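Step one of this worksheet: look at the structure below.
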Ligand SMILES: Cc1cc2nc3c(=O)[nH]c(=O)nc-3n(C[C@H](O)[C@H](O)[C@H](O)COP(=O)(O)O)c2cc1C
């Protein structure tokens with residue numbers, strides 16, 4: 001099917017420059033599908049926190065979409081194990097998502113104040129005394145990058161900031177395609193200037209953290225996609241609240257050439273998100289989620305819990321990411337072990353009314369069929 005399109009040049013557009021309208025393939029072999037070597041331009045978001053196991057990522061890629069390991073918190077050895085596990089299940093391409101948060105110091109008194117608010121939750125969850133705040137382990141991201149290069153994964157997406165100097169060139173030299181995440185047009189320009197092959201434009205609807213560089217911007221996808229498409233000459237991947245083929249077709253109409261879905265895949269059978277988490281998301285209304293820094297120190301969209309409410313109400317100065325996360329982690333881990341939603345970090349987008357709890361293969365087949373049906377309706 002050929003609808004509106006654009007020239008294939010890459011780079012940053014000058015202000016006011018609009019896309020030309022040339023014929024190009026709208027579905028499914030967009031430039032994003034071609035970059036990824038996938039049958040469909042649907043990317044399963046790399047979601048940190050151990051919920052994107054080899055089973056999930058392999059099933060997504062085997063179904064013709066593109067699976068991504070959420071490697072943000074994985075040790076290099078664990079990342080290598082997951083990559084090996086995916087390769088044992090499928091020969092289709094897949095990617096790795098890595099996090100590059102800015103390093104920020106915290107005041108000792110802030111940790112004491114946060115720990116005081118968390119104390120009753122620790123007692124209720126039966127977890128040990130307050131931990132010391134932990135920053136990103138030195139050398140972790142460099143070691144994760146090396147695994148992606150050694151293993152020659154098909155793609156790396158970066159989020160929370162830009163990779164260190166030279167990293168994108170090294171990935172390219174190993175044949176790895178690089179996508180970067182942006183929440184605003186300025187961030188999209190910075191991501192492209194750093195060398196990314198595509199921009200993931202994350203709208204305010206999105207579940208999870210604000211994954212762009214450092215703004216906490218919350219811009220809806222209807223405004224964000226065309227603004228980013230007009231600003232850069234690399235393909236744009238839309239992320240946020242997309243749960244079915246109608247959302248995919250709408251994003252394509254706005255100029256996106258790929259779609260990144262998190263919440264929809266988190267609810268799939270192969271995701272290892274705890275049952276209480278999946279059930280809470282599947283039951284959530286479109287207006288249920290909040291954005292908060294309470295759990296990790298970085299703004300994220302999640303369902304409210306008593307812990308979030310207590311930290312927000314106390315007005316305590318929060319620690320930066322990931323130190324804040326290290327203080328709440330033992331409670332979250334107990335929530336995972338006991339399948340208790342009130343102790344979990346219930347990250348999810350605004351599209352939860354459209355939630356489907358299906359095996360990945362059925363979900364991907366449905367997304368493709370719905371997209372084709374919607375595009376056929378609009379001619
Ligand atoms: C549970 C969860 C964890 C996430 N973790 C990451 C992550 O580690 N890195 C990242 O770039 N984006 C992460 N995201 C954001 C996704 O990349 C994507 O922007 C978002 O899921 C799109 O919105 P949707 O959830 O409504 O589909 C996460 C999202 C969720 C729901």
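Here, each number is a calculation from the coordinates, and none is a lab measurement. Bear in mind that the values here come from a model prediction, so they are computed numbers and not experimental data. With ideal geometry, Cβ positions are generated from the backbone for all residues, glycine too; neighbour counts draw on all protein chains shown.
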Seminar exercise, completed: Semi-axes (Å, rounded, descending) of the ellipsoid equivalent to segment 295-336 per its C-alpha gyration tensor are 15, 13, 10
Seminar exercise, completed: For residue 317, placing the label point 7 angstrom along Cα-to-beta-carbon and taking segment 111-152, residues whose amide nitrogen sits under 16 Å are 111-117, 133
Problem set entry | Antiparallel DSSP beta bridges within the chain, percent to nearest 5 | 25
For this session: Measure nothing fancy, just the Cα-based angle from helix 323-338's long axis to the longest principal axis of the chain, in degrees from 0 to 90, nearest 10.
Result: 90
Exercise. Hey, can you rank 331-337, 283-289 by average C-beta count inside 10 Å, highest first?
Worked result: 331-337, 283-289
For this session: Express in whole angstrom the spacing between the alpha-carbon centres of segment 100-172 and segment 305-379.
Result: 19
For this session: Multiply the residue separation of residue 77 and residue 172 by 0.36 nm, subtract the distance between their alpha-carbon atoms, and state the gained length in nm to one decimal.
Result: 32.0 nm
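How much mean residue ellipticity at 222 nm does the chain get from its helices, if each DSSP H run of length 4 or more adds -39500 (n - 2.57) and you divide by all residues, to the nearest 500 deg cm²/dmol?
-12000 deg cm²/dmol
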Exercise. Contour minus end-to-end for residue 376 and residue 151, with contour as 0.36 nm per residue of separation and end-to-end as the Cα-Cα distance?
Worked result: 77.0 nm
Exercise. How high is the relative contact order of segment 215-345, in percent, counting Cα pairs under 8 Å that sit 6 or more residues apart?
Worked result: 17
For this session: Please give the per residue volume of the convex hull enclosing the alpha carbon atoms of segment 32-137, rounded to a whole number of Å³.
Result: 142
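In whole Å, what three semi-axes, largest first, describe the equivalent ellipsoid of segment 146-187 built from its Cα gyration tensor (square root of 5 times each eigenvalue)?
20, 10, 8
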Exercise. Using every alpha carbon pair in segment 192-232, what percent of pairs falls into each 10 Å bin from 0 up to the bin containing the largest distance?
Worked result: 27, 57, 16
Problem set entry | Gyration tensor (alpha-carbon) shape descriptor, segment 251-379, a/c threshold 1.5 | prolate
For this session: Would you mind calculating the relative contact order of segment 28-85 from Cα pairs under 8 angstrom and at least 6 residues apart, reporting the percent as a whole number?
Result: 33
Exercise. If only Cα atoms are counted, what is the Rg of segment 135-251, and what is its Dmax, in Å?
Worked result: 14.5, 43
Problem set entry | Average Cα contact separation per residue, the chain, under 8 Å, 6 or more apart, as relative contact order % | 19
Exercise. How big is segment 277-352 by Rg and Dmax over its Cα atoms, in Å?
Worked result: 12.0, 32
Problem set entry | Peptides ranked, highest mean first, by Cβ atoms within 10 Å: ranges 273-279, 187-193 | 187-193, 273-279
Exercise. What is the distance, in nm, between label points placed 7 Å from the Cα along the Cα-to-Cβ direction at residue 140 and at residue 291?
Worked result: 2.4
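Can you pull a Stokes-Einstein diffusion coefficient for the chain at 20 °C (1.002 mPa s), Rh from Kirkwood over Cα pairs, as a whole number of µm²/s?
103
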Seminar exercise, completed: Least to most buried among 186, 244, by other C-beta atoms within 10 Å and fewest first, runs 186, 244
For this session: Fewest Cβ neighbours within 10 Å first, please rank 224, 375 accordingly.
Result: 375, 224
Seminar exercise, completed: residue 216 and residue 333 label points (each 7 Å along its Cα→Cβ direction) are spaced in nm at 2.8
Exercise. Pulled fully out, how much extra length does the chain show between residue 275 and residue 91, if you take 0.36 nm times their separation in residues and subtract their Cα-Cα distance?
Worked result: 63.3 nm
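Taking square-rooted eigenvalues a ≥ b ≥ c of the alpha carbon gyration tensor, is segment 254-301 rounded, prolate or oblate, where a/c under 1.5 means rounded and, failing that, a/b exceeding b/c means prolate?
Oblate, because a/c is 1.5 or more while a/b does not exceed b/c.
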Exercise. For the Cα atoms of the chain, what angle does the longest principal axis make with the long axis of helix 360-378, in degrees from 0 to 90, nearest 10?
Worked result: 50
For this session: Treating the angle as unsigned and between 0 and 90°, give the value, to the nearest 10°, between the Cα long axis of helix 76-89 and the longest Cα principal axis of the chain.
Result: 50
